[in-house]
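Report on the following structure.
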Amino acid sequence: MTAKRRRSPVRVLIAKPGLDGHDRGAKIVARALRDAGMEVIYAGLRQTPEDIVRAALEEDVDLIGLSILSGAHMALFPKVLQLLKKEKASTIPVFAGGIIPDEDARRLRRLGVREIFGPGASLAEIVAAAQRLARGAA
Amino acid sequence: MTRPRPRSLAAALATGDRRALARAITAVESGDASADPLLRAIFPRTGRIPIVGLTGPLGVGKSSLVNLLVAHLRAQGRSVGVVAVDPSSPFSGGSVLGDRIRLERRADDEGVFFRSMASRGASGGVAASTRDVARLLEAAGFDVVIVETVGSGQVDVAIREVATTRIVVVVPHLGDEVQTLKAGLFEISDIFCINKSDLPGAETAERHLSELASLGPTPDGWRSRIVRTSTVLPLGIPELWAAVEAHEKFLADSPGRRDELRRRLTEEIVSRVRDVLAREVAERLETDPSLRRLVDKVVAREIDPRTAADRLLPLGRG
């Protein structure tokens, strides 16, 4: 067999946890990651933390991106991290985007959310961070 | 209680280790040579369950039908593995795999495993490794595997080689009866599913398809069934599954079964040889200096591509 193979595309799960119907941001990020050569599993709206972790494991993703605008991030994100830990999958990096106050963002980072993007973040920044996190996970 | 850790991935699959399954799929999908021993080990135990293929143009409701079929099978106590394929970008190689959004199941239901796949450059509606991924799901113990293709066009018939029962999904107003006469997609259908049958036009679509079906059985003697469904009402899901079971029973009793299996596996061997040879040749044309000179001659139009290819062929042509 040939020794050298092209690296497979990065697989990333994009999901919106909780009861929040605003998925424009998640879709735009999904599209940007696609254009950066990633395989984006778009899980869409109203996902429970259990759904998200289940999808991440079945899809064997390198990275999880969560988008939230409902304000429930302090309930839902720690739950996702906790379930990942329970499944011995804490090595999968989690990044997030949405309306998240600075104080909450600091606490979420301490809990293990690797990157948090607020309004005004550029797609280039998000893509670069996703690539960096995915490489680190490999 | 201590349980011995399964030695091999094949053993891990058989014990229902879902992460082992997920990782094995990744390895097979990436064409990673480490997956070859696993595929070799599981092959003798495969080929025994229904592999149901859903194909049809984009937006006809394949993912929604998969969701309802999964629910129907779960209600009967059967476990289901799903592979859903979406296209890869010819530009970036990236992909948005969006078939999961229709899936409604309890997150703790171990009887369902859903995997999204990108086509990764393959034409025909499925990825090159989809057939092997279906085998992994079978080896992991699922009772039924469902394969959803990319939104297909008339020539996307690769599902024929992957599935045991092929469902072609259409919707009302997709075209007149002449469309049903055209070669390709409509020829590989064991079951026609007219989805969105809550909309006007379903009867006309059914009439066109029954005219097609009444022209005669498929080459193996099966008469295509037509089922009207709606995923919003919902309507026709038990009937759709009953049609799948009828076809599976037909296959089990069919005298042509071994011939068809032989045809399929021969095709698989040929396509494997083609892939491996093509990959090696492509690599050597870039790296081997004497072969680079051969390409130079073609570029200079001293010899033609066909002659150059003959010189590379190992079976002594040219």
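The values are calculated or read from the model by the stated rules, or taken from the named source; none is laboratory data. What you see is a predicted model; the values in this text were computed from it and never measured. Neighbour counts run over all protein chains shown; Cβ positions are idealised from the backbone, glycine included.
This table checks each residue for (1) over 30 Å from B:Leu21 (Cβ atoms); (2) modelled with pLDDT of 95 or more; (3) touching a helix residue (DSSP H, G or I) at 6+ places or on another chain (Cβ under 6 Å).
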| position | (1), (2), (3) |
| --- | --- |
| B:Asp143 | no, yes, no |
| B:Glu148 | no, yes, yes |
| B:Gly151 | no, no, no |
| B:Ile159 | no, no, no |
| B:Arg166 | no, yes, yes |
| B:His173 | yes, no, no |
| B:Phe186 | yes, no, yes |
| B:Glu245 | no, yes, no |
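Can you tell me which residue is nearest to A:Arg24 (Cα to Cα) among those in region A:52-92 that are crowded, with 20+ Cβ neighbours inside 10 Å and of a type in the set (Gly, Ala, Ser)?
The extreme case among them is A:Ser67.
What's the total number of residues in region A:117-131 that are more than 21 Å from A:Leu69 (Cβ to Cβ) and touching a residue at least 40 places away in the same chain (Cβ under 8 Å)?
Qualifying residue count for the region: 1.
Which residue pairs have Cβ atoms under 6 Å apart, sit 6 or more places apart or on different chains, and have a first residue in region B:158-185 that is closer than 24 Å to B:Ile146 by Cβ and a second that is in a helix (DSSP H, G or I) and of a type in the set (Ser, Thr, Tyr)?
What qualifies is B:Val162/B:Thr130.
Out of the residues in region A:50-88 meeting the condition of being assigned to a loop (DSSP other than H, G, I, E, B) and more than 14 Å from every other protein chain (Cβ to nearest Cβ), tell me which one is nearest to the chain's Cα centre (by Cα).
A:Leu69
If you take the residues in region B:93-121 that are of a type in the set (Ser, Thr, Tyr) and more than 18 Å from B:Leu21 (Cβ to Cβ), which one is nearest to the other protein chains (Cβ to nearest Cβ)?
Kept after step one, since they are of a type in the set (Ser, Thr, Tyr), are these residues of region B:93-121: B:95, B:116, B:119.
Applying the additional criterion that residues be more than 18 Å from B:Leu21 (Cβ to Cβ) yields B:95, B:119.
Numbers: B:Ser95: 5, B:Ser119: 10 Å.
Checking each candidate, the answer is B:Ser95.
Does A:Gly21 satisfy being assigned to a loop (DSSP other than H, G, I, E, B) and either among the acidic types (Asp, Glu) or within 17 Å of A:Ala128 (Cα to Cα) (or both)?
Criteria not met by A:Gly21.
So the check is Cβ under 7 Å with 6+ separation or different chains; which pairs have a first residue in region B:15-28 that's more than 9 Å from chain A (Cβ to nearest Cβ) and a second one that's aliphatic (A, V, I, L, M) and not in a helix (DSSP H, G or I)?
B:Gly16/B:Ala140
Kindly state which strands (runs of 3 or more DSSP E) lie completely within region B:107-201 and contain at least 2 residues that are of a type in the set (Val, Ile, Thr). Even if it seems obvious, please write down each step before you answer.
Numbers: elements: B:112-118, B:144-148, B:165-170, B:191-194.
It comes to B:144-148, B:165-170, B:191-194.
Does region B:125-164 hold any residues that are surrounded by fewer than 20 Cβ atoms within 10 Å (Cβ to Cβ) and at positive phi, and which are they?
Listed by number, the list holds a single entry, B:Gly141.
Which of the residues spanning region B:227-236 are among the β-branched types (Val, Ile, Thr) and crowded, with 20+ Cβ neighbours inside 10 Å?
Passing the criteria: B:Val227, B:Thr229, B:Thr231.
Of everything in region A:100-134, what is touching a helix residue (DSSP H, G or I) at 6+ places or on another chain (Cβ under 7 Å) and assigned to a helix (DSSP H, G or I)? Give them in sequence order.
A:Asp104, A:Leu108, A:Leu111, A:Leu123, A:Ile126, A:Val127, A:Ala130, listed by residue number.
Looking at (1) of a type in the set (Asp, Glu); (2) at pLDDT 90 or above; (3) over 11 Å from the mean Cα position of the chain (by Cα); (4) closer than 21 Å to B:Arg19 by Cβ, which is the one condition that is false for B:Asp132?
Only one criterion is unmet by B:Asp132, namely (3).
Test A:Leu45 against the criterion of being within 11 Å of chain B (Cβ to nearest Cβ), within 25 Å of B:Met117 (Cβ to Cβ), in contact with a strand residue (DSSP E or B) (Cβ under 6 Å, 6 or more places away or on another chain) and not in a loop (DSSP other than H, G, I, E, B), and give yes or no.
yes
Restricting the first residue to region B:106-133 and requiring it to be farther than 22 Å from B:Val168 by Cα, which pairs with a second residue that is aromatic (Phe, Trp, Tyr) meet a Cβ separation below 7 Å and a spacing of at least six or different chains?
Final answer for the pair search is B:Phe113/B:Phe142.
Restricting region B:29-43 to residues that are more than 19 Å from B:Gly141 (Cα to Cα) and part of a helix (DSSP H, G or I), which is nearest to the other protein chains (Cβ to nearest Cβ)?
B:Ala33
Which members of region A:96-110 meet the condition of being surrounded by 13 or more Cβ atoms within 10 Å (Cβ to Cβ) and out of contact with any Ser or Thr (no Cβ under 9 Å at 6 or more places or on another chain)?
A:Ile100, A:Asp104, A:Ala105, A:Arg107, A:Leu108, A:Arg109
Taking the condition assigned to a strand (DSSP E or B) and either within 14 Å of chain B (Cβ to nearest Cβ) or among the polar types (S, T, N, Q) (or both), does A:Gly97 pass? Steps first, please.
Values: assigned to a strand (DSSP E or B): yes; either within 14 Å of chain B (Cβ to nearest Cβ) or among the polar types (S, T, N, Q) (or both): no.
Judged against the criteria, A:Gly97 is not a match.
Could you identify the single residue in B:Gly59, B:Gly77, B:Gly16 that is at pLDDT 95 or above and surrounded by fewer than 16 Cβ atoms within 10 Å (Cβ to Cβ)?
B:Gly77
Give the number of residues within region B:262-291 that are closer than 17 Å to B:Asp310 by Cα, away from chain A (no Cβ under 14 Å) and not hydrophobic (A, V, I, L, M, F, W, C).
Final tally of qualifying residues: 2.
May I ask you to list the residues in region A:19-41 that are more than 9 Å from chain B (Cβ to nearest Cβ), crowded, with 19+ Cβ neighbours inside 10 Å and touching a helix residue (DSSP H, G or I) at 6+ places or on another chain (Cβ under 8 Å)?
Within region A:19-41, just A:Val29 meets the criteria.
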